[in-house]
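Peer 1: Attaching a single structure in structure tokens format; questions to follow.
Every number here is computed from the coordinates shown, using simple stated rules; none is lab data. All values derive from a computational prediction rather than experimental measurement. Cβ placement follows ideal geometry from the backbone for every residue including glycine, while neighbour counts extend to all protein chains displayed.
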Amino acid sequence: MSRPVEPKLEAAEVRENRALGSGYHLLSLEAPEVAARAAAGHFLMLAPAPETGPSFDPLLPRPFSFLARDPAAGQVQLFFRTVGRGTRLLAAQPPGTRLRALGPLGRPWPDVPAEPALLVAGGVGMPPILDLATELAARGRAVEVFYGGRGACDLHLLDRFRATRASLTLATDDGSQGWRGRVTEPLEARLADGATGCLYACGPTPMLRAVARLGERYALPTYVSLEAPMACGIGVCRGCAVPARLGDGSGHDAPQSYRMVCVDGPVFEAGEVAW
Ligand SMILES: Cc1cc2nc3c(=O)[nH]c(=O)nc-3n(C[C@H](O)[C@H](O)[C@H](O)COP(=O)(O)OP(=O)(O)OC[C@H]3O[C@@H](n4cnc5c(N)ncnc54)[C@H](O)[C@@H]3O)c2cc1C
Ligand code: FES
């Protein structure tokens, strides 16, 4: 797996904060130190509001994956959905606001030469998948993207996916766009059709579990990007622990251990996770 890089603490200036509808937002930040170091799959811890006045509410920064990185322009872009106080505050920050950002953090996607790269995104797990699709396509790799959501209103930035020239298969639970059903169904059909390569996935845990099972069944290298509640992002608070599977090669699972999503992940080899 790729090694982590040294993170930088930076006052990131909001350049654009655009509502995309249905609670989704696109946030562009000027953060040259972070942009220069980040790779697809890294994340950053971002304070949702500037530290002004006597209140430090919310006290803790929030973790976000990179959607896009432009080291030449010194900018990074995030895509987020408002789910609570922190993300609602973040959605209200106007251009010019400076927010405390620490990053890049964690381990990014590994560089696996197997082709095609089969990328699976579910809901708000889309950002590190678009970032990876952009990076792999720029390197001339064959990329196939499977992107699912509850409905059409959960599928965003499709023009950006299409601009990578990756093949794009959409799926929605309600059938309002693309395949009706789970995004892993067209993926499974593609694998049954003989696709090999490498699987990369980010999205809700049931989707990741299903992708991990498919990877195991078809004997493909499989990487998943996990989410967990995070307070520090740097391995100190141990709030982001997930159970890990320690295979000992004997066919029996070794005693369970734990991994910190912030420093051991967020990208894990799927077989490492105790699903
Ligand atoms: C490595 C990583 C990358 C992430 N990237 C993105 C991203 O690109 N875009 C995006 O929209 N979100 C992303 N998230 C999730 C995002 O950090 C949370 O949605 C955010 O912290 C919620 O803050 P809040 O104050 O609005 O909500 P809170 O009030 O803190 O929580 C609201 C609800 O969301 C749940 N929740 C909070 N954090 C998480 C979490 N990490 N995982 C699962 N449930 C959670 C809480 O249990 C609660 O039910 C990422 C999380 C991690 C760990
Ligand atoms: S978020 Fe603190 S240890 Fe991972």
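Peer 1: Distance between the C-alpha centers of region 95-131 and region 154-194? Whole Å please.
Peer 2: Between the Cα centre of region 95-131 and that of region 154-194, the gap is 18 Å.
Peer 1: Restricting to Cα pairs below 8 Å that are 6+ residues apart, what does the relative contact order work out to for region 117-272? Please round to a whole percent.
Peer 2: Values: 289 pairs, mean separation 29.3, N = 156.
Normalised by residue count, the contact order of region 117-272 is 19 percent.
Peer 1: What percent of all Cα-Cα pairs in region 8-105 falls in each 5 Å bin, counting up from 0?
Peer 2: 3, 15, 27, 28, 18, 8, 2, 0
Peer 1: Would you tally the net charge around Ile129, using a Cβ to Cβ cut-off of less than 12 Å, leaving Ile129 out, and scoring K and R as +1, D and E as -1?
Peer 2: Residues close to Ile129 contribute a combined charge of -2.
Peer 1: Of the options Thr97, Gly181, Pro108, report the single residue whose Cα projects farthest towards the positive end of the charge dipole of the chain (beta-carbon charges: Lys, Arg +1; Asp, Glu -1).
Peer 2: Farthest towards the positive pole: Thr97.
Peer 1: A follow-up question, please. Which of the peptides 34-44, 160-170, 139-149 is most tightly packed, and how do the rest follow, judged by the mean count of other Cβ atoms within 10 Å per residue?
Peer 2: Packing proxy ranking, top to bottom: 34-44, 139-149, 160-170.
Peer 1: Right, another one. Three principal axis extents, largest first, for the C-alpha atoms of the chain, in Å?
Peer 2: Result, largest extent first: 57, 43, 34 Å.
Peer 1: Over the Cα atoms of region 178-242, how large are the radius of gyration and the largest Cα-Cα distance (Dmax), in Å?
Peer 2: 14.7, 45
Peer 1: Of all the C-alpha pairs in region 101-149, what % are more than 17 Å from each other?
Peer 2: The share of Cα pairs beyond 17 Å in region 101-149 comes to 38 percent.
Peer 1: Give the angle, between 0 and 90 degrees and rounded to the nearest 10, that separates the Cα long axis of helix 205-217 from the longest principal axis of the Cα atoms of the chain.
Peer 2: The helix 205-217 is inclined about 30 degrees to the chain.
Peer 1: Right, another one. If packing is taken as the average number of other Cβ atoms within 10 Å across a peptide's residues, how do 67-73, 107-113 rank, most packed first?
Peer 2: 107-113, 67-73
Peer 1: Which whole-number percent gives the relative contact order of the chain, counting Cα pairs below 8 Å spaced six or more residues apart?
Peer 2: Over the chain, the number comes to 17 percent.
Peer 1: Provide, in order from the shortest bin, the percent of all Cα-Cα pairs of region 117-272 in each 5 Å bin, continuing until the bin that contains the maximum pair distance.
Peer 2: Answer for region 117-272: a P(r) of 2, 9, 17, 20, 19, 15, 10, 5, 2, 0 percent.
Peer 1: Follow-up question, since we're still on this one. With both partners inside region 117-272, how many of the DSSP beta bridges are antiparallel, as a percent to the nearest 5? Can you show the working numbers first?
Peer 2: Values: 8 of 31 bridges.
The answer is about 25 percent antiparallel.
Peer 1: To the nearest 20 debye, what is the magnitude of the charge dipole of the chain about its Cα centre, counting +1 on the Cβ of each Lys and Arg and -1 on the Cβ of each Asp and Glu? Don't jump to the answer; show the numbers that get you there.
Peer 2: Working: 28 positive and 28 negative charges, 65 e Å.
Dipole magnitude for the chain comes out near 320 debye.
Peer 1: Next question, about the same structure. If I measure Cβ to Cβ between cysteines in the chain, which ones have no partner under 4.7 Å?
Peer 2: Cys153, Cys198, Cys202, Cys240, Cys262
Peer 1: Below 8 Å, C-alpha to C-alpha, sequence gap of six or more: please give me the relative contact order for region 8-105 in percent.
Peer 2: Contact order relative to length: 43 percent.
Peer 1: Order 120-128, 216-224 from most to least packed using the mean count of other Cβ atoms within 10 Å. Each step should come with its number before you reach the end.
Peer 2: On the way: 120-128: 25.4, 216-224: 17.8.
Sorting 120-128, 216-224 by mean packing, highest first, produces 120-128, 216-224.
Peer 1: Near the amide H of Gln177, under 5 Å away, which other amide H atoms are found, from residues 5 or more places off or on another chain, if H is placed in the peptide plane?
Peer 2: Those qualifying (amide H under 5 Å, at least 5 residues apart or on another chain) are Ala152, Thr172.
Peer 1: About the Cα centre of region 8-105, what is the dipole size in debye to 20, counting +1 per Lys and Arg Cβ and -1 per Asp and Glu Cβ, all else neutral?
Peer 2: 240 debye
Peer 1: Further, regarding this structure: Rounded to whole Hz and in sequence order, give me ³J(HN,Hα) for region 145-160 from the Karplus expression 6.51 cos²θ - 1.76 cosθ + 1.60, θ = phi - 60°, writing x for Gly and Pro.
Peer 2: 10, 10, 10, x, x, 5, x, 4, 6, 9, 9, 10, 6, 5, 4, 5
Peer 1: Given labels modelled 7 Å from the Cα in the Cβ direction, how far is it in nm from Arg209 to Ala138?
Peer 2: Result for the modelled spin labels: 3.6 nm.
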